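The numbers here are math on the coordinates, done by the rules we state, and not lab data. Only a predicted model underlies this, so the values are computations on that prediction, with no experimental measurement involved. Note that we place each Cβ from the backbone using ideal geometry, even for glycine, and neighbour counts take in every protein chain shown.
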């Protein structure tokens, strides 16, 4: 064995068996976003890394549970749990009452803008809570973190990473019109065959659909740009130089996208995007006999065969051999559990990407949708009977399940691999496209096209002038000759 | 453990331990293309698959070596080895004498067109040799192949797969201007930051560079389209319906691209493209003491410390602990061996992508180039001294090496995984983008943009008309009133 070979082997061992343990910082997130990243944290701890989660004192979903490798760094914010609960409730209600479509988009936009104002205020207080807390920032600096993981829906993780001088990565489900992925992540989204998220379109589009999709991208882009614009000045101030939210986001080393091609329609992406949808799914554990999740007052009409639970292990339920169908609001986490265990779905979407997610599952033949605003109990029953009794639904979801399980590396392992990669190499610059260095008109080659058109125009102008000149000259000579 | 869990486990075992063995058909290729695919074949055999390689009787590089899992199906063609050798020689000479640049492109195009005529004639005879050999086609049909692997530079593998009713995949290094990847594979290539292959540009481009790149894409597209156009009628005739080479290529399930982000500049791609560059590299084996590969007459001036070999194990040589630098013509296979073993390069490019490959390695600080047409022995010596003595070259190539070795799954394993995936699932349709169903103007949304512009124009026209009408009417009324 040569020295080079030994070095190579040592390199491989150090890569495969990286159990020295690094320090990972997690920017706080709420709701299903937190549930998803929690799985990554658990896996990082299993691999002997030390994980620190920043938690605002008013956080709703994050429940600190300490162990030797997991630290929750709680910091003060001037609001309580009920504030976040209120924002989420307003958000869901605004959405359910104004399900966006091209005809209702303006009203939807106005309603959502009101809720977003609250959301941004809370987010800004969460940001200030860390960035203006010098003692905390000092402590974080001393902790020598090697990477920060954040969900860019909850801003400022990137600022903290830049201030600490460490690389950062994102975990993201989506942004409206994929504006963030497109403008900040530099992924091309051709509107001709990539349906805009929230448009409830699929990749099989008629001419009319493609017009709707085209408009949808631009409307959503406009909405996102206006609703998030105020962050540009916050980011500039925090980083002490003129910048934008988008420019800062573009510095993310890797984007862990919480979908995969079992769920998504194939579309272009860049090498620093990794699709890890379903990373939270795992084989099911045994269950109690009958289950029902319900938070609130017990209805008087409830039958004796129904039990109420505040929380149930949904993944274990879907993995139960007697699970025949899944009535779901259509969140990506739940849909992935259904795909993982191969359970057909009845979708009752409520807000955000849920309606769009159910459209994906319908297009792939694995779900039926009922409208929560108009449905009767007969509608729900019919939908359930359809997905249970028509074998195509089970067949289709099983096909998705086979695709999901047949990957070279499991989604969770890939997510952790790339986090560790960024820690090992202090980034992943070799995956970052040069598009980040271009302005928007350079990116679209508008300056080049403009220059070439100008050249062509000049040539045409000169040729025409020459022709006219010769015509006149020789014309005159001709005439002269004729006269002579 | 529930029944679902057991099924899941069984599914996973069947995926991981697929050793039942399938039947793989390989379309013939020549030169380094064959050397690369040979590694995949060896791995498939290790995994107990049966591999059949189609070989034209006049093949130059494929040397049939039989074993129980590997069959070479030799078929007659009306030319001998010397014909292919002649085409390759002409190709290299035409390229070396007319190294393409924007100023010399027309001469280069004319010279290459002559050689390509010969190449297409040979390729057509190779195609006919299989497609018109009914006995062979019958035999292939009976052999129940599950997948065909081909390099699309050597046409017709796709036709054979379609005629046999089996899925097919490609192994591809590049096509000029990436025309095939772009137009047939539907990958977007933004000319603003993705340098056109053969342009010798990098992803860091000035305004002038971007103009050159833009023109380069269009010139190469034109060259590829005209030089390969004749295959459209061949494909239509062979498949018995009007089609094109490109449309047929678009049906490939997976494209195994023979590069990776250690070598490539990051750029968009689609989920059915897998970057497996360097799959042929492996740890080095011991070597004899001093080595020299030279085929031809021994020069009288050769020193006593130099030995001549007809063939050497290049990978083992580069993995030798005393290997300090690699003088290479810049083929991708060789460059990957240098990256794998972390050896800085002196590039002496000759033809095809070689000059461009060396530009990549120069941009990444791992190589120096010398011009084969003009170099002196002092130039070569200086170049060698530079890469050996300036530590940055070793550091940079070691950085590429670390990136290369630090992947979740090794390139060869990924290549084989996706071949087996296509065999297990009879294709990989979930990775195929809907762009394949669109015409070029639909793909670029030109019909949608046209329609929307027409709508805007109509609205402007109507509003103007209305305004003019009101102005005239109220103007007249005004005048009338004035008069009254």
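Side notes on the structure shown:
- Percent breakdown of C-alpha pair distances by 10 Å bin, ordered from the shortest bin, for chain B: 4, 16, 26, 25, 14, 6, 3, 3, 2, 1, 0, 0
- Measuring nothing but how far apart in sequence close Cα pairs (under 8 Å, 6+ apart) lie, relative to its length, chain A scores a relative contact order of 12 percent.
- Order of A:446, B:256 - criterion: other Cβ atoms within 10 Å of each residue's Cβ, fewest first: A:446, B:256
- By the beta-carbon count within 10 Å of each Cβ, the least crowded to most crowded order of B:112, B:45, fewest first, is B:45, B:112.
- The long axis of helix A:377-389 is offset from the longest Cα principal axis of chain A by roughly 80 degrees.
- When the alpha carbon gyration tensor of segment B:30-103 is reduced to an equivalent ellipsoid, its three semi-axes come out at 31, 17, 7 angstrom, largest first.
- Over all projection directions, the Cα-based convex hull of segment A:81-212 averages an area of 10.0 nm².
- Remark: the protein assembly as shown projects, on average over all directions, an area of 59.5 nm² (convex hull of Cα atoms).
- Distances in nm from residue B:373 to the matching label points in the other copies, shortest first (labels 7 Å along Cα to Cβ): 7.0
- Per residue, the convex hull spanned by the Cα atoms of segment A:136-257 amounts to 99 cubic angstrom.
- Note on segment B:396-436: the alpha carbon radius of gyration divided by the globular reference 2.2 N^0.38 Å gives 1.65.
- Estimated translational D of segment B:440-479 in µm²/s (Stokes, Kirkwood radius over Cα pairs; 10 °C; 1.306 mPa s): 131
- In nanometers and ordered shortest first, the copy-to-copy spacing of the residue B:251 label point, defined 7 Å from Cα toward Cβ, is 5.0.
- To the nearest ten degrees, helix B:411-425 and the longest principal axis of the Cα atoms of chain B are 60 degrees apart.
- Extension reserve of the residue B:135-residue B:82 stretch, reckoned as 0.36 nm per residue once the Cα distance is removed: 16.4 nm
- Every Cα-Cα pair in segment A:314-405 was counted, and those over 20 Å apart are 26% of them.
- Every Cα-Cα pair of segment A:391-461 was included, and the share exceeding 21 Å stands at 65 percent.
- Each of residue B:302 and residue B:454 was given a label point 7 Å from its Cα along the Cα-to-Cβ line. The distance between the two points is 7.3 nm.
- For the pair segment B:114-191 / segment A:239-272, the C-alpha centres are spaced 36 Å from each other.
- Shape summary: segment B:366-484 maps onto an equivalent ellipsoid whose semi-axes, from the alpha-carbon gyration tensor, are 69, 32, 14 Å in decreasing order.
- Chain B - share of DSSP beta bridges that are antiparallel (%, nearest 5): 5
- Among beta bridges that DSSP assigns inside the protein assembly as shown, antiparallel share in %, nearest 5: 5
- Label-point spacing for residue A:67 across the identical copies (point 7 Å from Cα in the Cβ direction), in nm and ascending order: 4.6.
- Value of relative contact order over segment B:314-405, rounded to a whole percent, pairs C-alpha under 8 Å and six or more apart: 29
- The long axis of helix A:3-16 is offset from the longest Cα principal axis of chain A by roughly 60 degrees.
- Among B:421, B:72, sorting on how many other beta-carbon atoms sit within 10 Å of each Cβ, with the fewest leading, yields B:72, B:421.
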